[in-house]
1. Could you work out how far the C-alpha centroid of segment 41-111 sits from that of segment 171-199, in angstrom?
2. Exposure proxy check: M163, M70 ranked by fewest other beta carbons within 10 Å?
3. Is segment 125-199 best put as rounded, prolate or oblate by its Cα gyration tensor, with a ≥ b ≥ c the root eigenvalues, rounded for a/c under 1.5, and otherwise prolate when a/b is larger than b/c, oblate when not?
4. For segment 62-165, report the convex hull volume of the alpha-carbon atoms normalised per residue, in Å³, without decimals.
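Derivation of every value follows stated rules applied to the coordinates shown; laboratory data play no part. Bear in mind the structure is a predicted one, so any value in this text is a computation, not a measurement. Every residue, glycine among them, receives a Cβ derived from its backbone with ideal geometry; neighbour counts consider all protein chains shown.
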Amino acid sequence: MCFLCKERGSDILLEGAVAQLVERLHGMQEVRGFEPRRLHGVGPDAIAIGYTLGGFVAGEGSFMVHDVGMRTDGTARLRFRFAVQVASRDRPLLETLKTLLGVGTIRDELARKSHWQPMSRFEVTSRREHRAAVIPFADQFLLPCAKRRQFENWLSILEEDEMLHPFPKGRSSCSVPRCSRLVRGKGLCRSHYYQATGY
């Protein structure tokens, strides 16, 4: 038995980011679903890169939910974010993750103090991009660990929010009763927005 594994009956339970690589050695079968994009210069086996990046996300990633105001019905408007932040010297790992997922942005930040490292952050905030890439990636490559539990909790909140507030296919209608014009801002059409704000 590998010293990084814990046996539970006849099953092997793996914990921690390093366990991602051990799973490969034990011959874990690939999960079908997410199709990794072919990465330049790494050949056709992007699955191995997926598990490596899954370990990277387990150590450095975050799945966050932010309250960004109120909806017109009085409920909280939530924003769902997936981010990975590292010292800028490790930016190539973020670039590889961005290439694999095909979504997201990378921002560089100056060091906040003279003895700190400059930082780079990969981030995805679009629900469509979460559905298209982040969720399938995490579901397949994020093995059992604390970050997996964080992801599953984040996903359950996202799914509950989408059940209560289905994601619109286009612009929504004005929230003023009997007004069917399209929203300009704050849940109001252009004329009602002007009445409320003066511009």
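1. 34
2. M163, M70
3. Note, shape of segment 125-199 comes out prolate.
4. That works out to 123 Å³ per residue.
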